[in-house]
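**Q** Below: one structure in structure tokens.
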Amino acid sequence: MPETRYRAQDLLVGLYRRQAAVIGALLLLTLAGYQSQDWLISHMSDDGALINVAGRQRMLSQRSVAIAHQMAAASSPDERTMFADLLAQAGSEMGAGHARLIGESRARGMSAEMEQLYFGGAPSLDAEVTDFVADVRRLAASDGLGIGQSSPRLRALADKSRLTLLPGLERLVVRYQDESRQNVARLRQGFTLGLYLVIAVLGLSWFGVFRPMARRLREEFAAHQAAVEHNHLILESMGEGIIGLDRNGAVTFANPAASSMLGFAPWEMLGRSLHQLIHHTRPDGSEYPSRECPLARTLATGEDCSVEGEWFWRRDGSSFPVHYGSTAIVKEGALIGAVVTFRDLSDVTATRRALEASEQIKSSILDAALDAIVTIDRSGMVVEFNPAAERIFGRRATDALGMEVSDLIIPEAHREAHRRGLARVAAGHGSTVLGKRLEMSGLHADGHEIPLELTITHLSDHGLFTAFIRDISEQKQTEAALRRSQKMEAVGQLTGGIAHDFNNLLGIITGNLELLERAVQGNEAGQRRVDTALRSARRGADLTRRLLSFSRQDPKAQGKSLTDLNEAVSGMQEMIQRSLTRMVEVRTRLTPDAWPADINRSEFEDCLLNLCLNARDAMPKGGLLTIETANMEIDAEFRRADPNMTPGRYVLVSISDTGTGIPKDILDRIFEPFFTTKERGKGTGLGLSMAYGFAKRSGGHIRVYSEPGIGTTFRLYLPKASTGAAIGTSADLPAEAPPTGSEHILIVDDEPHLAEIAGEFLTELGYRVTIRTHAAEALALLRDDPDIQLLFTDVVMPDGLDGYGLERSAREMGHGCAVLLTSGFTGYAVEHKDRHGEILSKPYGKTDLARAVRKALDERERKT
């Protein structure tokens, strides 16, 4: 509507300008007409004067002739003098008239015809008139003396006047009259043309300017009126309430929606204060002063407002939530009122509450989900990253949101393939991975890869992709342990069968050799050969016994008894020392209250001796051998570290050395029969397989932890003997809950999987956890974050900075955090290297970790 009004104003201005132009043009034409009329009158007057002068010239020529005859006929001198003066005067007038005719004719522009009349011929009229005037003047000067009536001079003068001047001057008068008529004709044509021009200007102005502009003005005003009506219909049709206010806050307009929502008829609202009418009370029932109302602020300052969360009151006294806004109305720089728009939020509020409840449920589901849920848009940017994803990938959701998922959790080798696939699906092409369960590797924040199982769904309507991701590290570890266990079981069955058959053969050979021994008595050479054969057969029998022991088919292995492991270890200490070189120092650390175990003692002693001999071979230049016993409770959480362990109570026997260690690439094979890294002739490869068989027959487990160049620890887990519940069941576990906390703990371990397990344990216990897999990174974090309260670090780490060095560096920089060390070596063996803090042996369960962490933190609090 404002645009229509502005266009009409422009048209009016244009009309006024064109009217002024037309009036100006008419004034100019009128002025030109008046000027032409004045010129015409002047010109016609000049033409008449010239015609009169030309006619007078004829009269003067005749008069001159007559006066000359009278002068000649005069009888007295006085009369001749009088006529001489008259003749001189006539000659002068004729000469002056002739000069005037030529001068004015030339000034007005003498025509060619007039030029011919005056100066054409020989002699010309000009010359004839000039000579005639000269003759008249000579006669006048003579006073008529000597001139008679028949004088030749008089006859010549009369002939010149009659024959030359009169015809010539007659033609001249006729010519002046013709030219005057021509000038009048031309002026008449000019006036006629001017009249036509005025008529044309008036016609053009009416038909070309005023009438079209008047039509356009009518159209614009009609459009303006239509726009006004349309706007009125819009105001009446709008679902939002619209109320107009004057400068004092009184209602000047209310549309039907406002009237309907408020319950007032429009006429009931006009002229009344809007605040007192519908906005007088707050939602809690308290008075709402008008000076605090945003609408009053708009009317006072012209400041617009938009408010949500307040209530309007209806005519019947009920109220409803609204979202309203006010906009100042300004005219020519002056504030004249305001317009208020509002809408009923009753349905919106209910919907919003439902959406909030839905979002809360969704958020709770995402937060409680054990699987990671990651959502990305078409460009690959992360838009959702739930707590499980934070735990699995080691990244905060606040850091992950807005990042490209390829750079965030996908290993570098697969990023380009992911981007191509995403672009293909985003372009509308199909995909072979959507809706299927897949296995792939993911990227942890510290750089190591994680085995994952995931399913991807495409929300095409929203342009989003959601992946449900599960960390299958434990599953893979369990599968690997199961494969190793099945492999060892298969090898055991195979070797048992071979050893059984081989034992039968050896029995036959040994029996026959013994019989042959009696037959060759007295034959020294034969006796020597039989003895050699018997020794070899008995060595074979010992070998088969070891094989049967590994395969759990040795009949002697069935003799289990209640065994005090402390006493068994102490009883063998002297024999073990004698079996080792003097360069190897043997130390024991036996827990005073070690539980008894139901095992075959003889097998245990053989197993212990084999492990000590292996330790001796790993320390060719000497070292320290430590044997320890301890009571240990294995809970269900411990299985994350070793799926082969069964929850229950165990007596732990640890054998640690400071030797060369075992390379990681052969750790999975050391318990296989006949597998050995020793030189030919220095080992059978059955010692560790016998230890493995003994542990399994006893219902326990054996684990190894080794660091090349540092040493090795073997751990025998032997179930506690029980007269009640079945050995090794979780019924024996105490129901006491592990201690918890909320402190910030830094975990440092070069084994990412172990670090993640520790992080999950501590997170479940309520602690805030940060994980680093490199000591240098951990040191940098300690330097930047003084709020870390516990450093939980592995002792043995690569790159020259171990757990001890990390602890020392933290102390040197003045960090006051507590320190808890962990190692695959037994605590006693590590403590004797360099005691710097508490040591937790690997592997550890959730309960053991909880107690050790709480103890370290509490000791720090006591010291401070």
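The values are calculated or read from the model by the stated rules, or taken from the named source; none is laboratory data. Since this is a predicted model, take the numbers as computed values, not measurements. Cβ placement follows ideal geometry from the backbone for every residue including glycine, while neighbour counts extend to all protein chains displayed. These accessible areas exclude ligands, DNA and RNA; they are computed on the full protein's heavy atoms, side chains included. Shrake-Rupley method; radii C 1.70, N 1.55, O 1.52, S 1.80 Å.
**Q** Over the stretch 120-279, what is the relative contact order in percent, taking alpha-carbon pairs closer than 8 angstrom and at least six residues apart?
**A** 11 percent
**Q** Using a ≥ b ≥ c from the Cα gyration tensor of the stretch 86-204 (square roots of the eigenvalues), is it rounded, prolate or oblate, where a/c under 1.5 gives rounded and otherwise the larger of a/b and b/c decides, a/b for prolate?
**A** Because a/c hits 1.5 or more and a/b exceeds b/c, the stretch 86-204 counts as prolate.
**Q** How large, in percent, is the carbon and sulfur part of the accessible surface of the stretch 241-347 at a probe radius of 1.4 Å?
**A** C and S fraction of accessible area: 49 percent.
**Q** If you don't mind, there's one more thing I want to ask. At what distance in nm do the modelled label points of residue 218 and residue 107 sit from each other, each positioned 7 Å from its Cα along Cα→Cβ?
**A** Each label point is offset 7 Å from its Cα along the Cβ direction, giving 6.0 nm.
**Q** Moving on to the next point. In nanometres, what is the gap between the two model label sites at residue 138 and residue 436, each 7 Å from Cα along Cα-to-Cβ?
**A** According to this spin-label approximation, the distance is 14.6 nm.
**Q** Cut-off under 15 Å on the C-alpha distance; same-chain residues fewer than 8 positions from residue 855 excluded. Which aspartates and glutamates are left, in chain and number order?
**A** In chain and number order, the partners are 743, 838.
**Q** What order do you get for 58-67, 457-466, 319-328, 296-305 when each peptide is scored by the mean count of other beta carbon atoms within 10 Å, highest first?
**A** Highest mean packing first, the order is 58-67, 319-328, 296-305, 457-466.
**Q** Near residue 427, within a Cβ-to-Cβ distance under 13 Å, what is the net charge of the other residues, with Lys and Arg +1 and Asp and Glu -1?
**A** Once positives and negatives cancel, what remains is +4.
**Q** Related question: From the phi angles alone, apply the Karplus equation (6.51, -1.76, 1.60; θ = phi - 60°) to the stretch 603-620 and give each ³J(HN,Hα) in whole Hz, x where the residue is Gly or Pro.
**A** 5, 4, 5, 4, 4, 4, 5, 4, 5, 5, 5, 4, 5, 4, 5, 7, 10, x
**Q** When all protein chains stay in place, what accessible area (Å², nearest 10, 1.4 Å probe) is found for residue 753?
**A** Rounded to the nearest 10, the figure is 50 Å².
**Q** For residue 369 and residue 301, calculate 0.36 nm times their separation in residues minus their Cα-Cα distance, and state this gained length in nm to one decimal.
**A** 19.1 nm
**Q** Please calculate how many Å² of accessible area the stretch 744-862 carries per residue, with a 1.4 Å probe and no DNA, RNA or ligand atoms counted.
**A** That works out to 38 Å² for each residue.
**Q** Something else about it: Residues with beta-carbon under 12 Å from that of residue 329, excluding residue 329: net charge, scoring Lys, Arg +1 and Asp, Glu -1?
**A** Local charge sum for residue 329: -1.
**Q** How large is the convex hull of the C-alpha atoms of the stretch 135-285 per residue, in Å³?
**A** Output value, Cα hull per residue: 256 Å³.
**Q** Just by accessible area at a 1.4 angstrom probe, what is the order of 184, 340 from largest to smallest?
**A** The residues order as 184, 340, largest area first.
**Q** Contact order normalised by length for the stretch 561-719, with contacts defined as Cα pairs under 8 Å and 6 or more residues apart; what percent is it?
**A** Contact order relative to length: 23 percent.
**Q** Express in % the proportion of alpha carbon pairs of the stretch 561-719 at distances exceeding 29 Å.
**A** 13 percent
**Q** So if we plug the beta-carbon distance of residue 155 and residue 192 into 1/(1 + (r/R0)^6) with R0 = 60 Å, what FRET efficiency do we get, rounded to 0.05?
**A** With R0 = 60 Å, the Cβ-Cβ based efficiency is 0.65.
**Q** With labels modelled as points extended 7 Å from the Cα through the Cβ direction, what inter-label distance (nm, one decimal) is found for residue 811 paired with residue 52?
**A** 14.6 nm
**Q** While we're here: Once you list every other residue whose beta carbon is under 9 Å from the beta carbon of residue 746, what net charge do they have if Lys and Arg are +1 and Asp and Glu are -1?
**A** Summing Lys and Arg as +1 and Asp and Glu as -1 gives 0.
**Q** Report the per residue volume, in Å³, of the convex hull enclosing the C-alpha atoms of the stretch 744-862.
**A** Looking at the stretch 744-862, the number lands at 96 Å³ per residue.
**Q** Using only Cα atoms, what Kirkwood radius does the stretch 241-347 have, in angstroms?
**A** 13.7 Å
**Q** Further, regarding this structure: Distance cut-off 24 Å, Cα to Cα: go down the list 476/720; 560/720; 476/664; 696/720 and report the pairs above it.
**A** Distance filter (> 24 Å) returns 476/720.
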